[in-house]
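Report on the structure given below.
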Amino acid sequence: MGDVKESGEMNTSERLVGIIYDEKMCKHHTPDGDYHPENPNRIRVIWNKLLANNIPQRCVVLKGKEAEDKYLTAVHSENHVNLIRNISSKQFDSRRNRIASKLNSIYFNEGSSEAAYLAAGSVMELAERIAKGDLNSGAAIVRPPGHHAEYDEAMGFCLFNNVAVAASFLLDERPELGVKKILIVDWDVHHGNGTQKTFWNDSRVLFFSVHRHEFGSFYPGNDDGFYTMIGEGPDYLAVWDHILIPVAKKFDPDMIIVSAGFDAADGDPLGGCCVTPYGYSVMLKKLMDFAQGKIMLAFEGGYNLNSIANSFLACMEVLLEDKPISGSVEAYPFESTWRVIKEVRKKLSSYWPELADELPLKLTSQNAPHPHFLMSNSDSEDEDEKAPIVIVKIKWLHLLALEN
């Protein structure tokens, strides 16, 4: 962890921001050493980028902590927890690869168990510190990621559902901390199927996922993230302003957890989208207006090393209130995306009256000239004609569902 040690003090009088990173999570890698997009360099480059910009020196740096089985089994089956706990042991040496081959986009090695327990436990630890008020906000640089992991199955590079475990822990095991409602915002380019299913019947959680779907052809390739209308272009800010923000105001969460995948970033080999570091910083800044700024980022996907490092740095600067957000924040999506936004607002209006009013024609007639929805002076001006299909799914679980 470089020259930065765990500390309860910062060299600043600004917000207390926690950050958690543990090199032992890098022990999880492909068994044969072959390249895989979900590899140890993902968290190393983020950590090194933050070090180079003196971010950890201004934060409360926490050590990684392994999760306990009793908290993992609140989200996962005992069989699943037992498998992940033992998969790296010698008794599984002869069948580890065979087990992985039967799962969806998963690999195991001798370091997978420790990394998975550290990832889940570290997100729990940071969430608890923020809920207690020891920290204002924070970011967990963890892997393997978690939002695809379901009750009884590892999938999509995810072993334990780190965010779901942390949210469940706060709601069920630490009621004295006063976190009664949690908003989970998943801006990873892939649908957070595991998180959605975990809280399907829990009205204490508002789960918001904006992701590519492409009629179920984009990973995880099922109907769980389906909505009847889709739009082109990563027009996240318009979705924030006209769907998420009004609903979040009504929901009034006590804490926000972001499944912070950066595979919608410009240049990502899997996501195919074009969100800039500035774009992520604006989305995060808008969320800081809720829950007294009690917000935690938990790293999920993102596979372009340069993009994830720069995007994570931009978000940390927001948490530290390092500098004001500059540049244009106007969000003019494609015409097709306006149709999605209007249809979603109409469908949700019976549950969320805040969405009942029709958007002014003067607003919805303004469309994006090209796919880059947000630019600052420091962002690339590349006119790459990418137009991936993006949908938004938002649900106050128990009360509404957008399934047909």
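With the calculation restricted to Cα positions, what are the radius of gyration and Dmax of segment 67-145 in angstrom?
14.6, 47
Using the per-residue mean of other Cβ atoms lying within 10 Å as a proxy for protection, in what order, highest first, do the peptides 57-64, 202-209 fall?
Details: 57-64: 20.0, 202-209: 21.5.
Per-residue Cβ counts within 10 Å, averaged per peptide and sorted highest first, yield 202-209, 57-64.
Taking every pair of distinct Cα atoms and averaging 1/r, then inverting, what Kirkwood hydrodynamic radius in Å comes out for segment 44-177?
15.7
Determine the sum of side-chain charges near SER88: Lys and Arg each +1, Asp and Glu each -1, restricted to other residues whose C-beta is under 14 angstrom from that of SER88. All intermediate terms of the calculation are to be shown ahead of the outcome.
On the way: positive: LYS24, LYS27, ARG85, LYS90, ARG95, ARG96; negative: GLU66, ASP93, GLU110, GLU114.
Once positives and negatives cancel, what remains is +2.
Once fully extended, how much extra length lies between LEU363 and TRP200, figured as 0.36 nm per residue of separation less the alpha-carbon to alpha-carbon distance?
That works out to 55.3 nm of additional length.
Using 1/(1 + (r/R0)^6) with R0 = 22 angstrom and r between the beta carbons of SER105 and ASP32, what's the FRET efficiency to the nearest 0.05?
Values: r = 16 Å, r/R0 = 0.74.
With R0 = 22 Å, the Cβ-Cβ based efficiency is 0.85.
Would you please classify the overall shape of segment 264-323 from the alpha carbon gyration tensor, given that a ≥ b ≥ c denote the square roots of the eigenvalues, rounded means a/c under 1.5, and beyond that prolate means a/b larger than b/c while oblate covers the rest? List each step's numbers first, then the result.
Numbers: a/c = 2.18, a/b = 2.00, b/c = 1.09.
It comes out prolate by the Cα gyration axes.
For segment 118-194, how big is the tail of P(r) above 14 Å, as a whole percent of Cα pairs?
Summing the P(r) tail past 14 Å for segment 118-194 gives 62 percent.
Using a ≥ b ≥ c from the Cα gyration tensor of segment 27-75 (square roots of the eigenvalues), is it rounded, prolate or oblate, where a/c under 1.5 gives rounded and otherwise the larger of a/b and b/c decides, a/b for prolate?
Oblate, because a/c is 1.5 or more while a/b does not exceed b/c.
A short reminder: the numbers here are calculations on the coordinates, not readings from a lab. All of these numbers come straight from a predicted model, not from anything done at the bench. Backbone-built Cβ (ideal geometry, glycine too); neighbour counts: all protein chains shown.
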